[in-house]
Every structure is written in C-alpha cells, then in structure tokens.
C-alpha cells in the first residue's frame with residue numbers, strides 16, 4: 001500500500017474523524033487521544049455531552065490552537081491511520097504512571113498510540129507511521145524518541161494494541177531501556193542521522209491535497 005503522511009492541522013480535522021470513526025476504533029472515539037494528555041483534571045462535559053464528546057472538543061481545541069498532536073496517514077486521498085506524538089511533558093498522565101515513568105531527566109518525544117481502522121490493518125501502516133513520527137520528532141528538535149509498546153508472545157486483540165507491538169519497534173531500530181511491568185517495556189530511538197532528512201519522509205506540505213505526493217510504500 002502506498003502511504004503519504006501529513007501533520008494534523010485544522011483543515012485536516014475531518015480526516016482525523018474519518019479514521020476515528022472507522023471500524024474497530026471505538027476506543028479512539030472515546031479517548032480522542034486526550035487521556036494521556038490530562039494530568040488529573042479532565043474537562044467537564046457540557047450539558048448534553050458525554051465524556052467522549054468532551055475529549056473530542058479538547059482535541060479539536062488543541063489542533064485549532066496551532067499545536068500538532070500527531071500525524072495522519074493517507075492511501076491516495078483516503079485517511080487510513082493516525083499516530084499521536086509530542087514532547088513527553090505534554091502528556092500529563094505519564095508524570096504519574098508507574099509503568100511509563102521517566103527513565104532519566106533527558107528531554108524526549110513520546111509516541112503514544114496508533115489508530116488504524118480494521119480494514120487497513122496488517123498492511124504496514126502503523127510501521128510507516130512510526131517511521132514518519134520519528135522523522136517529524138527529529139525535524140522538530142527531538143534527540144530521543146521514546147515509546148511504550150506491548151510485548152506479548154501471543155497477539156492481543158488488535159483494538160487494544162494502540163501502543164504498538166514491541167516487534168514493530170524492534171524492526172524500526174528502537175532499543176529497550178527499562179521495563180517496569182512484565183509486558184510493558186520502554187524503548188527509545190536515539191538521534192541517529194536520518195537517511196535523507198525528514199523531507200524524504202513524504203510529509204504533505206500544508207495546502208497540498210492529500211494524495212498529491214506518494215513516496216512511501218507500507219510493507
């Protein structure tokens with residue numbers, strides 16, 4: 001599958017909704033990739049809102065503020081996947097996590113989760129998004145990229161593998177640096193020189209229609 005990757009911007013909000021509304025993505029529709037951004041204070045749902053609605057509103061406000069909370073993958077013009085990443089300090093929940101607590105005081109970017117609708121899984125989309133995420137983080141000054149995958153011999157239900165499988169990170173060159181829970185390692189990708197810089201990483205430039213640049217094969 002040919003894949004292009006773009007940062008989430010306000011004009012691509014509908015594409016994020018398309019991914020989250022896909023089959024097998026009910027967890028994403030509840031969380032809206034906000035749960036790990038909260039410390040202890042969550043937004044109070046407005047009258048008639050569910051907690052999921054409040055999460056969606058919070059994510060949309062974050063995007064409209066100019067922040068880039070993640071990247072969207074496209075097959076042609078169709079949005080088919082999402083990866084959430086940012087500097088670790090933007091994820092309040094990590095500060096109080098016993099499983100994903102900081103290894104040291106070095107600044108890192110964190111890759112938190114992947115969302116791929118069920119009809120597009122097992123086609124290398126998450127791996128391609130991970131590669132793009134590393135490139136995006138480094139383009140924005142990251143020296144270390146950190147993640148918190150699932151390490152299990154037997155495959156878990158796809159719907160609960162939003163952290164990504166450790167095997168995927170192994171193939172991408174990440175190295176384990178800590179393990180505070182049996183099946184939950186912390187892995188890092190150090191600042192190795194990118195192959196051709198991030199621009200080889202096929203990010204669609206703002207204002208370009210999705211699908212106009214196709215440079216990546218997800219395999």
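The values are calculated or read from the model by the stated rules, or taken from the named source; none is laboratory data. The model shown is predicted, which means the values in this text are computed figures rather than measured ones. With ideal geometry, Cβ positions are generated from the backbone for all residues, glycine too; neighbour counts draw on all protein chains shown.
Taking the stretch 5-38 on its own, how many of its residues are in a loop (DSSP other than H, G, I, E, B), buried (at least 16 other Cβ atoms within 10 Å of the Cβ) and over 15 Å from the mean Cα position of the chain (by Cα)?
2
Taking residue 43 and the conditions (1) surrounded by fewer than 15 Cβ atoms within 10 Å (Cβ to Cβ); (2) part of a loop (DSSP other than H, G, I, E, B); (3) free of Cβ contacts under 8 Å to residues at least 40 places away in the same chain, which numbered condition does it fall short on, given that it satisfies the others?
(1)
Have a look at 49, 89 and point out the one that is modelled with pLDDT of 95 or more and more than 30 Å from residue 122 (Cα to Cα).
89
So which strands (runs of 3 or more DSSP E) stay within the stretch 66-161 end to end and still have 2 or more residues that are over 17 Å from residue 176 (Cα atoms) and in contact with a helix residue (DSSP H, G or I) (Cβ under 7 Å, 6 or more places away or on another chain)? Step through it out loud before you land on a result.
Numbers: elements: 70-75, 78-87, 109-115, 144-147.
Per the criteria, 70-75, 78-87, 109-115.
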